[in-house]
Amino acid sequence: MFEVLTALPADPILGLSAAYKADTNPNKVDLGVGVYKDEQGNTPVLKAVKQAEVEYHNRETTKAYIGPPGSAEANTLLQALIFGADHPAVAADRVRTIQTPGGCGSLRSAAELIKKANPAATIWVSDPTWANHIPLLGGAGLSIKTYPYYDHTTKRVNFAAMMDTLKTVPKGDLVLLHGCCHNPCGADLSQDQWQAIAELAVQNGFTPFIDMAYQGFGEGLDQDAYGIRLMANTVPELLVSSSCSKNFGLYRERAGALSIVYASPADANKGQSNLFALVRGIYSMPPNHGSAIVETILGSPNLTATWHKELAEMRERIKSLRALLNQKLQEKGAEGDFSFIERQSGMFSFLGINQAQVHSLVNDYSIYLVDSSRINIAGISLANVDYLAQSIVAVLKK
């Protein structure tokens, strides 16, 4: 049976990671893999997480299945983190949240529910978008189309072109939006732009679908949730995929959630029953450990305070690295304006160099990044920023 299969190319980011590990250059820099790193290049376990693990371990009494929706308390706490505890949609009993195997599990579960409810639906994704959006959503059998988003010339959101396309999205289709810290470009929507999209969604009848993978990494937990909370207060239906990988540092624990705002409590109950049946046929039950850590942290004022402090430190470190890279590029005499790096948010930005220059950075300077020139800002450190800036300037002159 399997002899008919042909080998597929390796994932480009995973391939970069393997090449980086094999590289013996002491100056090598990894800007490819999208995980947070500290000054030493490590992805640390947060102190709040370590403490929560100890507390949960001491009170855990069983390893029995947790059930398709996951922990009710964890879902309630995450829902409050995303929407705010007093959000009108939550108060009206229109929101349902389930625990999922990471943000990926959330996206795929949502796609399966959409396929069941509206098989003809198309999901419109930004150009560019996170590469895994396409297989996760398209793999459920949904059609995918794109709308303009990032202007590579101005290094900003091309909002006029974006809105021109969204005005053509028919009723019943969905528009996937990045809640904050857009991956891969780092250019986010303003509050006024979120308002305009919300009004258009109501007017034309498309459904917003927001991927929130980086809440707290942009401007703050509440600020980063502005678009979600606005949409939930404006449109009749909304889907939100969220991840605890980045803001809690729980990458390998696969802790995520799918939250859906329905038009009514009755619709919410029907939707939830269908979602339970779908996830039963995909992964049956979600993993427990990561969400139990999140539940422990969010359920403890002391642990929540510790987590808020650590999250702020990660956020501010990324902001300072953005400013530092821009400053170093100017000092080294880089051609062009790189101030866009400083004004964008989250872990990612495009350097805006061509593919030949990217390959030169990889092959000649051991600086690893993907062909699109997307870099992970968190891979920069005080120890490597001078070498990085010098290398970028050198390839710009080639």
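Couple of notes before you dig in:
- Some residue of the stretch 344-355 being at pLDDT below 95, assigned to a helix (DSSP H, G or I) and of a type outside the set (Asp, Glu): yes
- Candidates THR234, THR306, filtered to the one that is open to solvent by 10 Å² or more (accessible area, probe 1.4 Å), at pLDDT 95 or above and assigned to a loop (DSSP other than H, G, I, E, B): THR234
A quick yes/no check of all residues on (1) on the phi > 0 side of the Ramachandran plot; (2) buried (at least 22 other Cβ atoms within 10 Å of the Cβ); (3) in contact (Cβ under 8 Å) with a residue 24 or more places away in the chain:
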{"site": "SER106", "(1), (2), (3)": "no, yes, yes"}
{"site": "VAL125", "(1), (2), (3)": "no, yes, yes"}
{"site": "PRO135", "(1), (2), (3)": "no, no, no"}
{"site": "THR168", "(1), (2), (3)": "no, no, no"}
{"site": "HIS178", "(1), (2), (3)": "no, yes, yes"}
{"site": "GLY186", "(1), (2), (3)": "yes, yes, yes"}
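- Leading residue by the ranking (farthest from LYS246 (Cα to Cα)) among those in the stretch 12-26 that are part of a loop (DSSP other than H, G, I, E, B) and open to solvent by less than 80 Å² (accessible area, probe 1.4 Å): ASN25
- Residue in the stretch 160-176 that is in contact with an Asp or Glu (Cβ under 9 Å, 6 or more places away or on another chain), part of a loop (DSSP other than H, G, I, E, B) and not β-branched (Val, Ile, Thr) present: no
- Residue within the stretch 145-159 that is assigned to a loop (DSSP other than H, G, I, E, B), surrounded by fewer than 14 Cβ atoms within 10 Å (Cβ to Cβ) and of a type in the set (S, T, N, Q) present: yes
Here's the yes/no breakdown for (1) among the aliphatic types (A, V, I, L, M); (2) open to solvent by less than 20 Å² (accessible area, probe 1.4 Å):
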{"position": "ASP173", "(1), (2)": "no, yes"}
{"position": "SER190", "(1), (2)": "no, no"}
{"position": "LEU250", "(1), (2)": "yes, yes"}
{"position": "GLN272", "(1), (2)": "no, no"}
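- Yes/no for ASP364 being surrounded by fewer than 17 Cβ atoms within 10 Å (Cβ to Cβ), free of Cβ contacts under 8 Å to residues at least 40 places away in the same chain and of a type outside the set (A, V, I, L, M): yes
- Test: residue in the stretch 42-62 that is buried (at least 17 other Cβ atoms within 10 Å of the Cβ) and in a loop (DSSP other than H, G, I, E, B): yes
- Single match in ALA85, ALA72 (criterion: under 23 Å from the mean Cα position of the chain (by Cα) and surrounded by fewer than 18 Cβ atoms within 10 Å (Cβ to Cβ)): ALA85
- Top-ranked residue of the stretch 385-398 - restricted to ones that are surrounded by fewer than 19 Cβ atoms within 10 Å (Cβ to Cβ) and of a type outside the set (A, V, I, L, M, F, W, C), ranked as modelled with the lowest pLDDT: LYS398
- Taking the stretch 309-325 as the range and being of a type outside the set (A, V, I, L, M, F, W, C) and open to solvent by 10 Å² or more (accessible area, probe 1.4 Å) as the test, the residues that pass are LYS309, GLU310, GLU313, ARG315, GLU316, ARG317, LYS319, SER320.
The values are calculated or read from the model by the stated rules, or taken from the named source; none is laboratory data. These figures come from a predicted structure and were not determined experimentally. Virtual Cβ from ideal backbone geometry, glycine too; neighbours counted across all protein chains shown. Just the protein is used for accessible areas: all its heavy atoms, side chains included, with ligands, DNA and RNA removed. Shrake-Rupley method; radii C 1.70, N 1.55, O 1.52, S 1.80 Å.
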